[in-house]
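Q: I'd like to ask you about the structure that follows.
What follows is calculated from the coordinates using simple rules that are stated; it is not laboratory data. For clarity, every value in this text was computed on a predicted model and none was experimentally measured. Heads up, the Cβs are rebuilt from the backbone with ideal geometry, glycines too, and the neighbour counts pull from every protein chain shown.
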Amino acid sequence: MTADTHSQMINEAPELREFRTEVAAWLEHNRPADPGFLLPQTFMEVGSERVLDFLRQWQYKVWSSGYLGMAWPEKYGGRGMAPAYQSIADQEMKRLRVPICFNVIGLGWAGPLIMDIGSDYEKDKHLKGILNADDIWCQGFSEPNHGSDLGSIQTKAERDGSDYVLNGSKIWTTMGNYAKYMILLARTDAQVERRYNGLSFFLAPMHTNGITTQPIKKLTGEYGFTETFFTDARIPADCIMGEEGQGWRIAMKTLQYERGAEAGAAGGISILSIVMNDLLKMAQDVEREGQPLMKDPVTRDNLVKFLIEEKALYLAENRIAIPALCADYPNSLSLSGKLRSTEFFRRMRQYALTLQGAQGSLYVGDEDSVDGGFWQRAYMNNFSTTIGGGTSQVQANIVGEHVLGLPKD
């Protein structure tokens, strides 16, 4: 148990401490056995049917046992409990390093969005399937040649009777080849003066004639992303969320969930927790000139700096809930959270490779690699987090404009 978890338990009400013990015991007892193949470190690496089937079964087991979607209403598959219970369940999943709950775009983005602004029809249709892993969701925002500039989206959705006809393409569609639904941002009006006003938001079915996907091989050698193509694909008009032209506003709200600035996620862990305790262990196990790296004073000094920064990240999460500590720059912590955390973990993992010296160039499958190539894989996977949901450069712009009040130019 980490010091942070111990501190949380001390300050928790007795019923929450009891629940934490219950969750930990359940996870210890029900943790899946090693399946004999490499499990993903993040939800962006689900690239085979056997991995998908394994994770789908695990998510269903967590949900059916009552530890996923705990704060969502019972009529939509949740338990209607206080968010604190889900938070504790997530903390224990993270601490015990059980497999991820893979349906993240549904659990963390589409689900909370539908819960917040969706119609009763949309809630009844979609929410339970997100929780029990029946319905996998993907995201159709980014496009080839447009990067993070969502305002330049070219995928068209043209109204034709009771349908919309889709033409265009999307890139970096996580699990697009397995998804049943997509949260889709498309252009319904190309004539408006302000390009943002011509966009609309859809809860689009993927199993539709004219929608195809092409898997993309990642730097790690794994798959998980696809490019998605729309060729005269017809979807029902009632797939639109809100009204035509409201897509930009709804997309920005969705990105608030993706970037961690809004609550409401169903829970579960989407990324394997790789923290400073792991790096400290590696520094103790790996030797240089017959001595553990931990004995080198420069290494120890660098590790302490990383420890201080990691602790600051955790404390900032608590600080968000105390308005008096955020009065100078309201929303600064929530809006900067993704930038601070993803860049910290990128640098921390890069330092782990630096400490390995020549062995840092080895990878999974090489018998001489440190920890079976765990850190190499973790470092390369981290790039997806510094890109997805808005690149670090875009995140820095958001902080500059919306927190510091700097001009766009």
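Q: For LYS123, list the lysines whose Cα falls under 18 Å from its own Cα; do not include residues on the same chain fewer than 8 positions away.
A: Here the lysines satisfying the reach criterion relative to LYS123 are LYS75, LYS180, LYS253.
Q: Please find the FRET efficiency linking ARG50 to VAL364, where r is the Cβ-Cβ separation and R0 is fixed at 22 Å, and quote it to the nearest 0.05.
A: After rounding, the FRET efficiency stands at 0.80.
Q: Given R₀ = 25 Å, FRET efficiency for ARG31-LYS295 by Cβ-Cβ distance, to 0.05?
A: That pair, ARG31 with LYS295, gives E of 0.15.
Q: Could you line up PHE43, PHE202 from fewest to most neighbouring Cβ atoms inside 10 Å?
A: Exposure proxy ranking, most exposed first: PHE43, PHE202.
Q: In nanometres, what is the gap between the two model label sites at ARG347 and SER392, each 7 Å from Cα along Cα-to-Cβ?
A: Taking the simple label geometry, ARG347 and SER392 are separated by 0.8 nm.
Q: At most 11 other C-beta atoms within 10 Å and a DSSP loop state: those are the exposed GluC sites (Glu not before Pro) I care about. Give me the longest piece of the chain that has none.
A: Formally, the longest exposed-site-free interval is 1-192.
Q: How big is the antiparallel share of DSSP beta bridges in the chain, given as a percent to the nearest 5?
A: The antiparallel proportion sits near 85 percent.
Q: Less than 9 Å Cβ to Cβ from ILE269, Lys/Arg counted +1 and Asp/Glu -1: what total charge do the surrounding residues give?
A: +1
Q: Sticking with this structure for a sec: Report, in whole Å, the centroid distance computed from the Cα atoms of segment 335-409 and segment 141-176.
A: 28
Q: Treating the beta-carbon of each Lys and Arg as +1 and of each Asp and Glu as -1, no other charges, what is the dipole magnitude of the chain about its Cα centre, to the nearest 20 debye?
A: It comes to approximately 240 debye.
Q: Continuing with the same structure: Students often forget the sequence filter, so: which lysines lie under 21 Å Cα-Cα from LYS281 once same-chain residues fewer than 8 apart are removed?
A: Result set, ordered by chain and number: LYS94, LYS295, LYS305, LYS311.
Q: Loop-only check: which trypsin sites (Lys or Arg not before Pro) in segment 172-226 are DSSP coil with at most 14 other Cβ within 10 angstrom?
A: The qualifying sites are ARG194.
Q: Of MET294, ILE271, MET252, which is farthest along the charge dipole of segment 246-311 in the positive direction, counting Lys and Arg as +1 and Asp and Glu as -1 at C-beta?
A: Among MET294, ILE271, MET252, the one farthest towards the positive end of the dipole of segment 246-311 is MET252.
Q: With label points built 7 Å along Cα→Cβ from the Cα atoms of HIS402 and SER332, find their separation and express it in nm.
A: 1.6
Q: Taking a virtual spin label 7 Å from the Cα of ASP124 along the C-beta vector, which residues in segment 167-199 bring their backbone nitrogen under 18 Å of it?
A: So the set is empty, nothing qualifies.
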